[in-house]
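Taking it in order: structure first as structure tokens, then the write-up.
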Amino acid sequence: MPSFMNTLGAVSRLGQWRFRHVFRAADERGRLDLSDEGLIDFSACSEVLLTVTPRAPHRGCWSGHAPEPVMTASLAAGSLVVSNPGIVEAVFPVGSLLCVPPGLYDVRVFVTIGPETEQVFSEPVEFA
């Protein structure tokens, strides 16, 4: 049985799922900056995208091509909200998870500034 750290916990597929994460920078010592100055400012981002993708079944690797996301939310589509500074939130309403099979998924957040897109978050979630 594989082990994993499921920081987002288990989410019932029967209800609403609210993804809400506070993004913080590191201080000069490399520790998480818990002050207001440590909150990350997303105002320069042209896009913030959240994807939910099935987790690879064996040691984090897919044979062949990785699967497409089963759910997405984005700033451009209006399905994701950024509350500056630091908070990214997306709500998936009741019923939206019913078509997603139970299991372990990877939640990733990507930000785009100018021509560059970077992944800034990657954590597992279990849909039960």
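The values are calculated or read from the model by the stated rules, or taken from the named source; none is laboratory data. Note that the coordinates shown come from a computational prediction; the quantities given were computed from them, not determined experimentally. Glycine gets a Cβ as well: all are built from the backbone with ideal geometry, and neighbour counts include every protein chain shown. Ligands, DNA and RNA are excluded from the accessible area calculation, which covers all protein heavy atoms including side chains. Shrake-Rupley method; radii C 1.70, N 1.55, O 1.52, S 1.80 Å.
Before moving on, here are some points about what is shown:
- Residue satisfying condition, being of a type in the set (S, T, N, Q), in a loop (DSSP other than H, G, I, E, B), within 19 Å of residue 25 (Cα to Cα) and open to solvent by 40 Å² or more (accessible area, probe 1.4 Å), within set 43, 122: 43
- In segment 18-29, of all residues being of a type outside the set (Phe, Trp, Tyr), surrounded by 13 or more Cβ atoms within 10 Å (Cβ to Cβ) and touching a strand residue (DSSP E or B) at 6+ places or on another chain (Cβ under 7 Å), the one that is farthest from residue 107 (Cα to Cα) corresponds to 24.
- Looking only at residues of segment 56-72 that are within 19 Å of residue 102 (Cβ to Cβ) and in a strand (DSSP E or B), we find that the one that is modelled with the lowest pLDDT is 58.
- Residue check, residue 94 open to solvent by less than 40 Å² (accessible area, probe 1.4 Å), touching a residue at least 40 places away in the same chain (Cβ under 8 Å) and either closer than 22 Å to residue 11 by Cα or not in a strand (DSSP E or B) (or both): no
- Sole exception among (1) of a type outside the set (Asp, Glu); (2) in contact with a Phe, Trp or Tyr (Cβ under 7 Å, 6 or more places away or on another chain); (3) farther than 12 Å from residue 109 by Cα for residue 32, by number: (2)
- Some residue of segment 75-88 being at pLDDT 90 or above, surrounded by 14 or more Cβ atoms within 10 Å (Cβ to Cβ) and within 18 Å of residue 9 (Cβ to Cβ): yes
- Those residues of segment 1-55 which are acidic (Asp, Glu), modelled with pLDDT under 85 and out of contact with any Asp or Glu (no Cβ under 6 Å at 6 or more places or on another chain), in sequence order: 28, 36, 37
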